[in-house]
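Report on the structure given below.
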Amino acid sequence: MLIKPSTLESNKHGIKIGLVTYEDLAAGAALVTEAYATGYDIIKAQCNSREIDMFNRVEQLGMPYATAQTIVQSKLDIANYSPAPLSHDIDFELEQLTDPELAYSLSYNIMKDMGKYYFDNPINNTLFTKKAAIELHAEFIKDFVVNPTPNRQAFFYQHNGEYIGFIAVLMDGNVGRAYLGGVVDEYRQHGCGSQSYKKVIEQVFIPNGIKTAYMETQMQNMPSMVTAMLKGHAFYPSQSFVRLHLFPLAGYIGAKATAIDALADYTKLTRSKHITGIPGTIYNVINVDGYTLQAQQILNNGVAAGYHYFEHYG
């Protein structure tokens, strides 16, 4: 099996999501066949963006896809770290929580005012909800409290008696990662992010013998990018990871589609070379103002083996 189930995501979003690697993308027909045979709605590939043929591999699959997000990873050599001078009035101490429900509610409330975790387009807006995406992140932080280990730690911080932010870190040997964090809306642009990263480096990473520290953030999140550059003089953007969403949508069509009689004025046709057969029924997959995504069954011996996709704008 090439595809690994993403159980938590699937349950939250109500669609079947699977994960594959960069190497799996080269499997071609085997990957496409497995996706349809097991009813996956979305296959996500997380790839090192330095693999320059990554998009070529995706294109060769012949299925619709969208770039979900690009993660920029910045690197710090602890040996060359010098404390970054910060002139912010806000100060706080990192605090670990023992109440998983409190950790969940705090992280959810902190992230609920942040931007969408998926690019804003008709397909994503139909398949995903912002609430479910935030719940996934809050569940991730809650698990740090439910299943604590020395290598997975989540810290919250207070100012004037109120929790205003959190940061989660992962440690593996002598490598540490500032993995996920957030600040309540009214305290953004007040230096809280810079302060939290600085404290994690000095109070967590260095005492635990971390030699190399990484920070991950979305490339579009410019405030976090600026924060990364504040950590001494050694942080630099080193590499990024691209998560791709492919849309076979086999299960989604079967559950929610309505058959129609005709197809007209399509602007794009995508068909996988790995799927053959005589076309069958046409379905409306997504129908919102100004946009329609339709799919036409590809049949092999009368059995659905895939779909053509058609987009309509206007």
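Pull out a ≥ b ≥ c, the square roots of the eigenvalues of the alpha-carbon gyration tensor of region 91-219, then state rounded if a/c is under 1.5, prolate if not and a/b is larger than b/c, and oblate in the remaining case.
Details: a/c = 1.61, a/b = 1.45, b/c = 1.12.
It comes out prolate by the Cα gyration axes.
Return the distance in nm (one decimal) between the two label points of a simple spin-label model at residue 93 and residue 21, each offset 7 Å from Cα along Cα→Cβ.
4.4 nm
Tell me, how many Å apart are the Cα centres for region 271-314 and for region 175-190?
So the separation of the two Cα centres works out to 42 Å.
Please tell me which of these pairs span more than 31 angstrom C-alpha to C-alpha: 16/199; 142/199; 12/198; 4/199? Don't skip to the answer; put the middle values down first.
On the way: 16/199 39 Å; 142/199 21 Å; 12/198 33 Å; 4/199 36 Å.
Violating the 31 Å limit, Cα to Cα: 16/199; 12/198; 4/199.
Highest mean first, how do 151-164, 170-183 rank when packing is the count of other Cβ atoms within 10 Å averaged over residues?
On the way: 151-164: 16.4, 170-183: 19.1.
The densest-packed peptide leads the list: 170-183, 151-164.
Set the Förster radius R0 to 35 Å, insert the Cβ-Cβ distance between residue 77 and residue 46 as r into 1/(1 + (r/R0)^6), and round the FRET efficiency to 0.05. Display every interim value, and only then the final one.
Numbers: r = 25 Å, r/R0 = 0.72.
Efficiency computed from Cβ-Cβ geometry: 0.90.
Ranked by accessible surface with a 1.4 Å probe, highest first, in what order do 50, 243 come? Could the numbers behind the result be given before it?
On the way: 50 155, 243 45 Å².
I get 50, 243, largest accessible area first.
Report the gain in length on full extension from residue 7 to residue 206: 0.36 nm times residue separation, minus Cα-Cα distance, nm rounded to one decimal.
68.1 nm
Give me the percent of Cα-Cα pairs in region 1-136 that sit more than 20 Å apart, rounded to a whole number. Write down the numbers at each step before the final one.
Working: 5768 of 9180 pairs.
The calculated P(r) of region 1-136 puts 63 percent of pairs beyond 20 Å.
If I ignore ligands, DNA and RNA and count only protein heavy atoms, how much of residue 281 is accessible to a 1.4 Å probe, in Å² to the nearest 10?
Its accessible surface works out to 60 Å², give or take rounding.
Is region 10-71 rounded, prolate or oblate when judged by the Cα gyration tensor, a ≥ b ≥ c being the square roots of its eigenvalues, rounded requiring a/c under 1.5 and prolate requiring a/b larger than b/c? Display every interim value, and only then the final one.
Working: a/c = 2.10, a/b = 1.26, b/c = 1.67.
Because a/c hits 1.5 or more and a/b fails to exceed b/c, region 10-71 counts as oblate.
The values are calculated or read from the model by the stated rules, or taken from the named source; none is laboratory data. Being a predicted model, the structure only gives us computed values, none of them experimental. All Cβ positions, even for glycine, are placed from backbone atoms using ideal geometry, and neighbour counts span all protein chains on display. Please note that ligands, DNA and RNA were not included when accessible areas were found on the heavy atoms of the full protein model with its side chains. Shrake-Rupley method; radii C 1.70, N 1.55, O 1.52, S 1.80 Å.
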